[in-house]
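The values are calculated or read from the model by the stated rules, or taken from the named source; none is laboratory data. Please read all numbers here as calculations on a predicted model, not as lab measurements. With ideal geometry, Cβ positions are generated from the backbone for all residues, glycine too; neighbour counts draw on all protein chains shown. Ligands, DNA and RNA are excluded from the accessible area calculation, which covers all protein heavy atoms including side chains. Shrake-Rupley method; radii C 1.70, N 1.55, O 1.52, S 1.80 Å.
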Amino acid sequence: MADTVEFAKMNGLGNKILVVDMRGRKDMVSAEAAVALNTDPATQFDQIMAIHDPRTSGTDAYIDILNCDGTKAQACGNGTRCVVQALASETGKKVFTFQTVAGILNAVEHEDGMISVDMGLPRFRWQDIPLSEEFHDTSRIELQIGPIDNPILHSPAVMSMGNPHAVFWVDRDPMSFDLERIGPLLENHPMFPEKANITLAQVTSDSALRTRTWERGAGLTLACGSAACAAAVSAARTGRTGKSVTIDVASSPIRVPLTIEWREDNHVIMTGPAEWEWSGSVDPATGTWQRDAAAEQGAI
């Protein structure tokens, strides 16, 4: 088996993604390779989306997702859009069905280049998120950080979008909070036995939110698609907005909003951009990589 495979450096609204082509192989991208790639500033990433041959009839590929610390992730909406763009460029297809550890994801690339991903069903039961304590109402749980009489953040909405999320509602710009300090404390809080993505969300209108996320296993991220979905669903669930909203991801350098629709069938549809940057080859066991001298845009 050849030592190297093709990969593409991409981003989904600034979320740094490596799309690695593992089709035709039986091995996986190792945790050691992920850590090594993230150590190099040129290949630093939030998630690796490793494309494998289909494991289930009717699907186009199995997607293995790794965080930058080498741990596995269940879902990555921004990364899924990158996979769609890469495969659409390669195959000419516009509609895809992927299998992940979190389940089946359907996605489509539109004529304007925007990509919609069906992120599946939100889950609200405390044991499905999961939480370490029983809560009957997970739209607002007892959790705070800071002085007891004047907490910095408190009473988050919690849910699973295939991965655990806590959404804290704030009344000022999420960028004004020291999320780099607060995020790790909340991600690793005993309330979350599998850790959690921590999002600050500000309601800016009855159909718009502004968010910023500390991502489980990745840290302070420029964007997190599943967190945007969690914020949108939580906003609708608590009556802050309707079931279709735009999300201004405050930390993203790409000033294009995500559109999130929580449909009547309970599925959450996320629509947004993806961007190819450059491509190369990588050893999936060690993370040793080389950039292509002349890469064709969009191809992996």
With a Förster distance of 30 angstrom and the Cβ-Cβ distance between E111 and K72, calculated FRET efficiency to the nearest 0.05 equals 0.30
With every protein chain in place, the accessible area of T71 for a 1.4 Å probe, in Å² rounded to the nearest 10, comes to 60
Expressed in nanometres to one decimal, the distance between label points 7 Å along Cα→Cβ at D171 and H267 is 3.9
So, with points 7 Å from each Cα along the Cβ direction, the I254-H154 label distance in nm works out to 3.8
With +1 on the Cβ of every Lys and Arg and -1 on the Cβ of every Asp and Glu, the dipole magnitude of the chain about its Cα centre, in debye rounded to the nearest 20, is 360
With Cα coordinates, the longest principal axis of the chain makes an angle with the long axis of helix 225-237, in degrees rounded to 10, of 30
Residue-normalised value, i.e. accessible area per residue, for segment 1-152 at 1.4 Å probe, in Å², stands at 44
Counting only protein heavy atoms and leaving out ligands, DNA and RNA, the solvent-accessible surface of M191 at a 1.4 Å probe, in Å² to the nearest 10, equals 10
Residue span E133 to Q44: 0.36 nm per residue of separation minus Cα-Cα distance leaves a gain in nm of 28.5 nm
Expressed in Å to one decimal, the Kirkwood Rh of the chain from all distinct alpha-carbon pairs is 19.2
Pairs over 23 Å Cα to Cα, from K26/K93; K9/K72; K93/K243, come to K26/K93; K93/K243
Ranked by GNM mean-square fluctuation in the chain (Cα springs under 10 Å), the top entry among M159, M175, M49 is M175
Within segment 1-129, the percent of DSSP beta bridges that are antiparallel, given to the nearest 5, stands at 75
